[in-house]
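Coordinate-derived values only; no laboratory data. Computed from a prediction, not measured in an experiment: that's the story for all the values here. With ideal geometry, Cβ positions are generated from the backbone for all residues, glycine too; neighbour counts draw on all protein chains shown.
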Amino acid sequence: MGYLDGSHHDARPTGAERRLIALWIDSGAAYPGTYAALGTGMVGGFEIADRSIRLDRSDLGWPATGAAAEALERRCGGCHSGSRQLPLTVSHVTGPGSWGSAFSGAPPWIPLAPDDPRRRWSRHLLYDLTRPEKSLILLAPLARGAGGFESCGRAVYAGAGDEDYRKVLAAIAEAGRRLDGIRRFDMAGFRPRREYLEEMCRHGILAGIPGGDVPVDPYALDRAYWSALEHRPEGD
């Protein structure tokens, strides 16, 4: 709430707006605003079923992933091992400890200590699927003269023409293309999972599951669903 005093981009909400934001935070601050987003638009996401965790590592079968992982291990693995291990793919979760049989590290709702290495080496921080060339996993080892940060004490990649740099860049770009295909809730053409649409059919909000090319507005469906649960006295 401290950001609302005008110091952050001159944001000065009214009293009513401040109260609305406070209530939104108190309610859990659901970022997507719709359950239609649940389990969608993720590369390397995970599902919990039958008291076990399944991590999506389908990217391991993509053409560019193996070459990039090998390049990262060879060029960066000497320094980045143990608690400093880098995520070698966009679905690789690193860090100490384990949670479940397939999930290394901790689930996203577990608070991490300020010095927990999983904060620094998170795949979500190191890979930029929208702008692959801006990924920290590429900029940190890239020479300053080539537009990088040279954060490794030396230039691991002298320039963007380095063969291994190109391999990692290609893998991140491929992951971005896959994301464009499955889409997040905030991307044009987003389509909820079939399970969500089936629930809307079961509650009478939809007469049937729309065809694959028919636009679906999950926010309109949510509003219709919640409106259907409102108490309406007889004769009203």
**For Arg12, Arg123, order by how many other beta-carbon atoms lie within 10 Å, fewest first** = Arg12, Arg123
**Asked** Given a cut-off of under 8 Å on Cα pairs at least six residues apart, what relative contact order in percent is computed for the chain?
**Response** 18
**Fill in**
For Phe46, other-chain or 5+-apart residues with amide H closer than 5 Å (H placed, Pro excluded) are Asp56
**Prompt:** Counting other C-beta atoms within 10 Å, which of Val214, Val93, Val43 has the fewest, and how do the rest follow?
**Reply:** Val214, Val43, Val93
**Message:** Restricting to DSSP H runs of at least four residues, report the calculated mean residue ellipticity at 222 nm for the chain, -39500 (n - 2.57) per run over all residues, nearest 500 deg cm²/dmol.
**Reply:** -9500 deg cm²/dmol
**Asked** The list (i) 8, 30, 34, 19, 8, 1; (ii) 6, 22, 27, 25, 14, 4, 1, 0; (iii) 7, 21, 17, 14, 12, 10, 8, 5, 3, 2, 1, 0 gives values of P(r) over Cα pairs in 10 Å bins from 0, in percent, and only one came from this structure; which label was calculated from it?
**Response** (ii)
